[in-house]
Amino acid sequence: MSSYGCVRPPAYVRDCIIRNDSDGHVQIRLIYESSPEDNNSTSHSVVHLGQGQIHRVDEKIVDHGSWTAVQPLQRIEVTRSDGQTMHLAAP
């Protein structure tokens, strides 16, 4: 099968669903990729989830005036109530 004319899917995370299956409260820190258009400054947001809660992370659209772009998730950091930290980096 030829790959001529085929377009590969983007190799980044745009959105996700996070579920807290732990026994306690967690803090989720979402770190987005920087870009030259944004002076290479990273942005982030913080979400707090109780036990069993679910949070949907929608894609982050950046308006550059005459065009828009998606700002991919670069890293997800999870801090449990006992202080233990885990992270997941983008593929």
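Over segment 16-89, what is the mean sequence separation of C-alpha contacts under 8 Å (at least six apart), divided by residue count, expressed as relative contact order in percent?
Numbers: 138 pairs, mean separation 27.0, N = 74.
So the answer I get is 36 percent.
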Estimated distance in nm for a label pair at CYS16 and TRP67, the labels positioned 7 Å out from Cα along Cα-to-Cβ = 2.7
query = When the distances between all Cα atoms of the chain are binned every 5 Å from zero, what whole-number percent does each bin get?
reply = 3, 11, 21, 19, 15, 12, 9, 6, 3, 2, 0
message = Give me the net charge for the shell around GLN27: Cβ to Cβ below 13 angstrom, other residues only, Lys and Arg +1, Asp and Glu -1.
response = 0
ask   = Which residue, chosen from GLN84, ASN39, THR68, occupies the Cα position most advanced towards the positive end of the dipole of segment 16-89, where the dipole is computed from +1 (Lys, Arg) and -1 (Asp, Glu) charges on Cβ about the Cα centre?
value = GLN84
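Taking the Cβ of LEU49 as the centre, find all other residues whose Cβ is under 11 Å away and add up their charges (Lys, Arg: +1; Asp, Glu: -1).
On the way: positive: ARG19, ARG80; negative: ASP21.
Result for the neighbourhood of LEU49: +1.
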remark   = Around LEU88 (Cβ within 12 Å, Cβ-to-Cβ, excluding LEU88; K/R +1, D/E -1) the net charge comes to +1
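Where a number appears in this text, it was derived from the coordinates with a stated rule and is not lab data. Predicted model, so just to flag it, every value in this text is computed and none were measured. Quick reminder, even Gly has a Cβ in these numbers, built from the backbone with ideal geometry, and neighbours come from all protein chains shown.
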